[in-house]
1. Checking the structure you have, find out if any residue of the stretch 181-202 is within 22 Å of Phe102 (Cβ to Cβ) and within 18 Å of the chain's Cα centre (by Cα).
2. Would you call Val180 open to solvent by less than 20 Å² (accessible area, probe 1.4 Å) and either out of contact with any helix residue (DSSP H, G or I) (no Cβ under 8 Å at 6 or more places or on another chain) or at pLDDT 95 or above (or both)?
3. Which residues, taken from the stretch 299-330, are open to solvent by 30 Å² or more (accessible area, probe 1.4 Å) and either at pLDDT below 95 or in contact with a Leu (Cβ under 7 Å, 6 or more places away or on another chain) (or both)?
4. Would you say Leu333 is in contact with a Pro (Cβ under 8 Å, 6 or more places away or on another chain) and either open to solvent by less than 50 Å² (accessible area, probe 1.4 Å) or part of a helix (DSSP H, G or I) (or both)?
5. If only one of Arg301, Arg324 is touching a residue at least 40 places away in the same chain (Cβ under 8 Å), in a helix (DSSP H, G or I) and within 19 Å of Gly232 (Cα to Cα), which one is it?
6. Please verify whether Thr90 is among the hydroxyl-bearing types (Ser, Thr, Tyr) and either touching a helix residue (DSSP H, G or I) at 6+ places or on another chain (Cβ under 6 Å) or buried (at least 23 other Cβ atoms within 10 Å of the Cβ) (or both), treating the condition exactly as stated.
7. Would you please name the residue that is farthest from Ile70 (Cα to Cα), looking only at residues in the stretch 24-51 that are polar (S, T, N, Q) and either touching a Lys or Arg at 6+ places or on another chain (Cβ under 7 Å) or not in a loop (DSSP other than H, G, I, E, B) (or both)?
8. Given the criterion within 30 Å of Glu54 (Cα to Cα), of a type in the set (A, V, I, L, M, F, W, C) and assigned to a helix (DSSP H, G or I), identify the matching residue among Val271, Val282.
Amino acid sequence: MMTMTRRGLLAATACFAFAAPALAADYTFRFQSSDPAGNPNFVLQQGWAKDVEERSEGKIVIDLMPVESIVAHNETQDAIATGILDGHITDLSYFAGKDPAFGLMGNPVGAWSDPEQMFDFLENGGGTELLNEIMNPYGLQFIGASTPGLEAFVSAVPIDSVEDLKGVKLRAPEGLVQSVFAAAGASPVNLPGSEVFTSLDKKVIDAADYSVFSVNQAQGLNDIAPHPIYPGFHSMPLVEMSMNKDKWDALPEDMQQLLTQSVHDYARVQVSSLVEADEAAVAEAKEGGKITIHDWSDEERAKFRSIAIGEWEKVASQSPAAQRVYDALTAYLTEKGLVD
């Protein structure tokens, strides 16, 4: 899970104005998050809910609950469709079992080198429209998205290029992440997060897909694996805010626009907070003088992206919706010059 400096968290939360409770709301919605209570991301999400209440002058009240409050983290989509919940804030890839399109859109490994690239795809590259094409049949309306951040890469050996990945024994979760790293020539192994530190320390593995730089630094991973790749190049999950489509359709257009804009603004607040946390962690790591931060060139990022696209293609063959996601992603990346 993402952590950030206390100063960063307070500053981010302060960006949302906190209103006094309205006497009566026109619309009250029950949302469930995929983050636990007290988690910094959940605190920011609570700030978003309060911001919506103020922007709407108390007409919309969102009762935001932590993960597992009503249903399991991977059951919220069905709960929204059946009216048990009204909405959720969650990692889209949790629903890859329903359709691989959700997994490919939720974390297209290698696609993004910056959160703004993902936001631009969603807002200007047809991503939002495509998500609603995919989600509406399940009874959901996609409002917008944020991200818990572009993950750094933990490594005990210097890795400055795709070529340097060959033969590297690295921890990566099963699925698309493992298949992409294998296609790039690495030797991925499946280990729980709890074993990453020990495995690196004992040289069982050379590197690890783990979390953002600030989390890696806080957990001491950079001390035993002093060649982190930052900014990262491989993984950045899409966290969606979606709600019951019938209830969305019942909202006046101005309230729909208000919700859409509130998510847009929330995403920028979260990302700026993550950037602050990572920059502080980088400065801390550099103070000791024991690490070397590796920042891949645009050319090497494009090479890795091209390899990843070959694995995306295999996912695309698994459903018509996944094929549409593949086509949209590759068209956008090509148009923006992000692939060779």
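The values are calculated or read from the model by the stated rules, or taken from the named source; none is laboratory data. Please read these numbers as outputs of a predicted model, since none were measured by experiment. Cβ: placed from backbone, ideal geometry, glycine included. Neighbour counts: every protein chain shown. These area figures cover heavy atoms from the full protein model, side chains too; ligands, DNA and RNA do not enter into them. Shrake-Rupley method; radii C 1.70, N 1.55, O 1.52, S 1.80 Å.
1. No - not one qualifying residue is present in the stretch 181-202.
2. Answer is yes for this residue.
3. Residues satisfying the conditions are Arg324, Tyr326.
4. In short, no.
5. Step by step, each of Arg301, Arg324 is checked, and only Arg301 is touching a residue at least 40 places away in the same chain (Cβ under 8 Å), in a helix (DSSP H, G or I) and within 19 Å of Gly232 (Cα to Cα).
6. yes
7. My answer is Asn41.
8. Only one candidate qualifies: Val271.
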